[in-house]
Number of protein chains: 2
Amino acid sequence: MDSTAALYEELAQPAKGLSHPKRLLLMELLAQGERSVDALANASGLGVTTTSAHLQTLRHCGLVARRRDGQRIHYRLAGDDVAALVVALKSVARAHRAAVEPARRAALGLDFADGSEVEQIGRDALIARAQTGDVIVLDVRPETEFAAGHIPGALSIPIDELADRLNELPTELEIVAYCRSEYCVMSYDATRLLQAAGRRVRVLDGGVTEWRLAGQPVASS
Amino acid sequence: MDSTAALYEELAQPAKGLSHPKRLLLMELLAQGERSVDALANASGLGVTTTSAHLQTLRHCGLVARRRDGQRIHYRLAGDDVAALVVALKSVARAHRAAVEPARRAALGLDFADGSEVEQIGRDALIARAQTGDVIVLDVRPETEFAAGHIPGALSIPIDELADRLNELPTELEIVAYCRSEYCVMSYDATRLLQAAGRRVRVLDGGVTEWRLAGQPVASS
DNA sequence: CGTGTATTCTCGTTATCTATGGAATACACG
DNA sequence: CGTGTATTCCATAGATAACGAGAATACACG
């Protein structure tokens, strides 16, 4: 193998890491903050062994780094450029692959019998609305992900607990729900639940990952 | 397979396309402009059958599009977002994989026994220098790629012909050579040749692909 | 409507990747 | 220093991908 082939072999490695759907899912989870192997296994539905193997692959591709803390090992994205690469990848897929949009609508549950659509709100529009104070920004991700980084001023009610904690949401204000990313189902599930309860809800266009990469502030703890 | 898995399967496809070194090389060639299958086979060193198969793969991944013109079929990148994705991929590889830098230096021939380094010049610095007019911008790619798009005002002398056409370059001006991209060897080969002939040469940091994606003007024909 | 050229298709061989169970390792805790 | 937990290593069977030679297809040209 000549040196040029060797160079392209090296340059292609990160793409190899992202080329498996389960690894892409792991990257999306890691974009929410660092996580241990078995937390990732639980969240992804993979076996621990398989998860570990995929994380090794991602590490050798240069996409993730890890840190030991006692018995467990926490993996994290290797950098913000990696998060941006993942977002760019998904954006290219959506723009140039016809099969993505129906798959997205199916996964997010956007195809209603009555033809209604979930209303979205852009980042800039949300920022403008938030300044007038007449909107509740609702983070429906699990608590650990909220703690690792969220939109300043957002209220945290994980999707699993939302049905039982409806009373924490003032009835007179519009709600804007968000979760991990453009392709995460949680904010859409939350919207259906809240709409059934008679609330006015919109979904933020893009999750906290896109928010952060756009240079918007993120609060933690 | 549930619908979420199906969605990630779809989103990962473009990465699958970029995950093979030869396909990444084809993408780099296509970033210079559209090309027929056998032109790509020749330029990449692959067999025609294999090249065609890789192009099919890239097409199904949504990374390239094609156009029939008589007997031949011209492939092209599916869009500028795709070119940007490829650049971002290479950038991530370089930033997070230790093996990339030595492979790059080996492929570009940057390791000299005397420890000397090739001098680079950034885009902004080149633009500033070009306005004073005391610099020759030299495009050393094949003529067809120059025709498809080049830096305005650049002089075209393909690397193969450079040794025979040295007299076309004024001796009193500094030369800035460029080619396809950050990882393309041609401008470095040209630099060595020109330095041996006693010329003062620098290499543009990034090729015409990065130039275009940075929003700089590109001339064609 | 035959001939030549460019591209794609078919198919078989070989190599690589994935998932998983069980063993091995690393660390914390009493 | 044994026990329990988290992670990685090892071996393997099944699936998928790469390559190239030859056949088939699509088009241009006379």
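Structure notes:
- Residues of segment B:151-192 satisfying the condition of being in a strand (DSSP E or B) and either modelled with pLDDT under 95 or surrounded by fewer than 22 Cβ atoms within 10 Å (Cβ to Cβ) (or both): B:L155, B:S156, B:E174, B:I175
- Flag not set for B:A78, criterion: free of Cβ contacts under 8 Å to residues at least 12 places away in the same chain and facing another protein chain (nearest Cβ under 7 Å).
- Matching residues in segment B:186-200 - criterion: being more than 12 Å from the chain's Cα centre (by Cα) and either at positive phi or in contact (Cβ under 8 Å) with a residue 40 or more places away in the chain (or both): B:Y188, B:D189, B:A190, B:T191, B:R192, B:G198
- Restricting segment A:1-40 to residues that are of a type in the set (K, R) and more than 7 Å from chain B (Cβ to nearest Cβ), the residue that is nearest to DNA strand D (Cβ to nearest atom): A:R35
- Just one of the listed residues (A:R66, A:R72, A:R76, A:R59) is surrounded by fewer than 22 Cβ atoms within 10 Å (Cβ to Cβ) and in contact with an Asp or Glu (Cβ under 6 Å, 6 or more places away or on another chain), namely A:R76.
- For B:A84, the criteria (1) surrounded by fewer than 20 Cβ atoms within 10 Å (Cβ to Cβ); (2) outside any helix (DSSP H, G or I) hold in every case but one, which is (2).
- All conditions but one from (1) touching a Ser or Thr at 6+ places or on another chain (Cβ under 8 Å); (2) assigned to a helix (DSSP H, G or I) apply to B:L126; the one that does not is (1).
- In segment B:28-43, the residues that are within 13 Å of the chain's Cα centre (by Cα) and either among the small types (G, A, S) or crowded, with 22+ Cβ neighbours inside 10 Å (or both): B:E28, B:L30, B:A31, B:Q32, B:G33, B:A43
- Tabulated pairs, segment A:16-28, first more than 10 Å from DNA strand C (Cβ to nearest atom), second β-branched (V, I, T), C-beta under 6 angstrom, 6+ apart or interchain: A:M27/A:V86
- For segment A:48-71, filtered to residues that are in a strand (DSSP E or B), near DNA strand D (Cβ under 10 Å from one of its atoms) and of a type in the set (K, R), the residue that is modelled with the lowest pLDDT is A:R68.
- Residue within segment A:88-109 that is farther than 15 Å from B:A12 by Cβ, more than 16 Å from DNA strand C (Cβ to nearest atom) and touching a Lys or Arg at 6+ places or on another chain (Cβ under 9 Å) present: yes
- Residues satisfying the stated conditions in segment B:57-75, i.e. at positive phi and facing chain A (nearest Cβ under 9 Å): B:G62
- Out of A:E117, A:E101, A:E143, one residue alone is within 14 Å of another protein chain (Cβ to nearest Cβ), free of Cβ contacts under 8 Å to residues at least 60 places away in the same chain and either loosely packed, with under 15 Cβ neighbours inside 10 Å or at positive phi (or both). It is A:E101.
The values are calculated or read from the model by the stated rules, or taken from the named source; none is laboratory data. Just so it is clear, the model here is predicted, and its values are computed rather than measured. Quick reminder, even Gly has a Cβ in these numbers, built from the backbone with ideal geometry, and neighbours come from all protein chains shown.
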